[in-house]
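Structure record follows, encoded as structure tokens.
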Amino acid sequence: MPKRLDKVVQTSLPGLGNLQINQEESTSKDACGTLFKLDPKNIFNSIINLPSNDYIQIIERNLPHWQTENSIYFVTFHLADSIPEERAVELKLKRERWLQMHSKPLSEEEVKEYHRLFSGKIEELLEAKHGSCCLKDEGNKKIVEETLNFFDTERYYLDEWVVMSNHVHALILPINCNELNEIVHSWKSFSANKINKRMGWSGQLWTHESYDHIVRNEK
């Protein structure tokens, strides 16, 4: 089952508003700064605005990934066979055309439109449960769950998460200078190797890309 844990963020929080921090509850120091515990009731209400472009790093692969320090992300990644090939090609072409028509950096409204047109459509296709849906198997599901939790509190703080039949959702706060894309890549690589070995499979298990949103508010 998903879990909740004490939130921890770093003290340098550009663009994320005023967080209610109790310095008497200091936990530890690392290369990126001092960590403090947060009141879980206030953290989501505090992150109300997308940080300014001065602090955002946009990583381009097939999808634009917006990353900034001290942010909580909602991450989705899915099995390689979970979307029919013809629909995947159709979405890829539409996405490429949309990106060609919108100059960078994208505005917040453009980011919302992008997610509505593409991330939202991906979610609909995933909910249709195409493909092997091999995560319904309890053994495979356990491998993913253990992978998600393995570096929790060391490389990231893992909040709510859920393993569906063909995809995974997670709320995550990277810490200790670890990058979101590296964390998700390690999740997929480690779990794919174990599941393929367990099932006697070979080849690509997860899609190369994942979908991530900077959390701006509780909704």
Quick check on region 162-173. Is at least one of its residues more than 10 Å from the chain's Cα centre (by Cα), open to solvent by 50 Å² or more (accessible area, probe 1.4 Å) and either farther than 11 Å from Val144 by Cβ or of a type in the set (Ser, Thr, Tyr) (or both)? no
Please determine whether any residue of region 107-130 is basic (Lys, Arg), open to solvent by 60 Å² or more (accessible area, probe 1.4 Å) and farther than 20 Å from Glu209 by Cα. no
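Of all residues being of a type outside the set (A, V, I, L, M) and open to solvent by less than 50 Å² (accessible area, probe 1.4 Å) in region 152-161, which is farthest from Glu218 (Cα to Cα)? Just the residue, please.
As a first pass, look at region 152-161 and keep what is of a type outside the set (A, V, I, L, M): 152-157, 159-161.
In the following step, the residues that additionally are open to solvent by less than 50 Å² (accessible area, probe 1.4 Å) were identified as 152, 156-157, 159, 161.
Values: Asp152: 22, Tyr156: 20, Tyr157: 17, Asp159: 13, Trp161: 15 Å.
Once the filter is applied, the top-ranked residue is Asp152.
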Of (1) out of contact with any Lys or Arg (no Cβ under 6 Å at 6 or more places or on another chain); (2) assigned to a helix (DSSP H, G or I), Phe118 satisfies every one except (1)
Please verify whether Trp98 is of a type in the set (Phe, Trp, Tyr), modelled with pLDDT of 90 or more, over 26 Å from Gly200 (Cα atoms) and buried (at least 17 other Cβ atoms within 10 Å of the Cβ), treating the condition exactly as stated. no
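Please note which strands (runs of 3 or more DSSP E) are completely contained in region 139-219 and include at least 1 residues that are aromatic (Phe, Trp, Tyr), at pLDDT below 95 and touching a Pro at 6+ places or on another chain (Cβ under 8 Å). Full working, then the answer.
Working: elements: 156-163, 167-174, 211-214.
Per the criteria, 156-163.
The values are calculated or read from the model by the stated rules, or taken from the named source; none is laboratory data. Only a predicted model underlies this, so the values are computations on that prediction, with no experimental measurement involved. Counting neighbours? That spans all protein chains shown, and the Cβs are built from the backbone with ideal geometry, glycine included. The area values use the complete protein model at the heavy-atom level, side chains included, leaving out ligands, DNA and RNA. Shrake-Rupley method; radii C 1.70, N 1.55, O 1.52, S 1.80 Å.
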